[in-house]
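Below is one structure, written out as structure tokens; the observations come after it.
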Amino acid sequence: GAVVSQHPSRVICKSGTSVKIECRSLDFQATTMFWYRQFPKQSLMLMATSNEGSKATYEQGVEKDKFLINHASLTLSTLTVTSAHPEDSSFYICSAREKAWGDEQYFGPGTRLTVT
Amino acid sequence: GENVEQHPSTLSVQEGDSAVIKCTYSDSASNYFPWYKQELGKRPQLIIDIRSNVGEKKDQRIAVTLNKTAKHFSLHITETQPEDSAVYFCAATGSSGGYQKVTFGIGTKLQVIP
């Protein structure tokens, strides 16, 4: 149980275009989903926290108009990188948490974004 | 906000030896401390966690200790095996602005030499 999927696993896009990444909890209802960014050989940096049905809470320094997060249902959250630039190239990982289960987060497999 | 420091950044041990990774945190309100193992290009996997009301927890070859007073916690891996080679992240979880937030350490690359 507690499986989280992400789609796509890899995406290459041109500079200036937008890319949407989906995060799904497959066998549980995720009251909270988290979006992280990870640069090569670096740690996971929390970008934003989203609770189902409410606006995402962004971390300091993360542009909410550039990284649009939607958590429309208890099993799906999306991250849209708008007007992507090469510096947005990174590994994006989501995680999900079911509040009733406690504090543990279950991570998705990640999405490798390359902006050319 | 919370600040988590982790060391060492790299660690090489001979197969069968023990490995210890240490983390410190700054926010005394943090109450949940998970450890994750991440292999190259893959998702982080929870390997063990500890809550602030517990001082030590063990699961086979892996153990975690927590010193709330000193605000530090450590991961201990005994009888290391080559498949233990990976990057390990510690994390501290606490409430911030009314919601829960996880802050990760910088990671430790563990290499187990056969």
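The values are calculated or read from the model by the stated rules, or taken from the named source; none is laboratory data. Since this is a predicted model, take the numbers as computed values, not measurements. We place every Cβ from the backbone using ideal geometry, glycine too, and count neighbours over all the protein chains shown.
Figures for the structure shown
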{"quantity": "Check on A:Gln42, part of a loop (DSSP other than H, G, I, E, B), out of contact with any Cys (no Cβ under 7 Å at 6 or more places or on another chain) and free of Cβ contacts under 8 Å to residues at least 12 places away in the same chain", "calculated": "yes"}
{"quantity": "Tally, over segment B:63-74, of residues that are outside any loop (DSSP other than H, G, I, E, B) and either surrounded by fewer than 17 Cβ atoms within 10 Å (Cβ to Cβ) or among the acidic types (Asp, Glu) (or both)", "calculated": "2"}
{"quantity": "Of all residues in segment A:41-66 being more than 24 Å from A:Lys99 (Cβ to Cβ) and not hydroxyl-bearing (Ser, Thr, Tyr), the one that is modelled with the lowest pLDDT", "calculated": "A:Lys41"}
{"quantity": "Within segment A:23-39, tally of residues that are within 12 Å of chain B (Cβ to nearest Cβ) and part of a loop (DSSP other than H, G, I, E, B)", "calculated": "2"}
{"quantity": "Counted residues, segment B:33-42 - those being facing chain A (nearest Cβ under 9 Å) and either buried (at least 18 other Cβ atoms within 10 Å of the Cβ) or β-branched (Val, Ile, Thr) (or both)", "calculated": "3"}
{"quantity": "Of the criteria (1) closer than 30 Å to A:Glu52 by Cα; (2) at pLDDT 95 or above, which one B:Pro82 fails", "calculated": "(1)"}
{"quantity": "Some residue of segment B:17-24 being part of a strand (DSSP E or B), of a type outside the set (S, T, N, Q), within 11 Å of chain A (Cβ to nearest Cβ) and closer than 30 Å to A:Tyr58 by Cα", "calculated": "no"}
{"quantity": "Condition met for B:Glu83 (away from chain A (no Cβ under 14 Å), assigned to a loop (DSSP other than H, G, I, E, B) and more than 13 Å from the chain's Cα centre (by Cα))", "calculated": "no"}
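Table: residues versus (1) under 17 Å from B:Ala91 (Cα atoms); (2) assigned to a loop (DSSP other than H, G, I, E, B); (3) without any contact (Cβ under 8 Å) to a residue 12 or more places away in the chain.
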residue	(1), (2), (3)
A:His71	no, no, no
A:Thr78	no, no, no
A:Ala84	no, yes, no
A:Ser95	yes, no, no
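Here is a yes/no grid of residues against (1) surrounded by fewer than 20 Cβ atoms within 10 Å (Cβ to Cβ); (2) at positive phi; (3) within 12 Å of another protein chain (Cβ to nearest Cβ):
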| position | (1), (2), (3) |
| --- | --- |
| A:Val11 | yes, no, no |
| A:Lys14 | yes, no, no |
| A:Ser18 | yes, no, no |
| A:Ile21 | no, no, no |
| A:Leu44 | no, no, yes |
| A:Glu52 | yes, no, no |
| A:Lys64 | yes, no, no |
| A:Cys94 | no, no, yes |
| A:Pro109 | yes, no, yes |
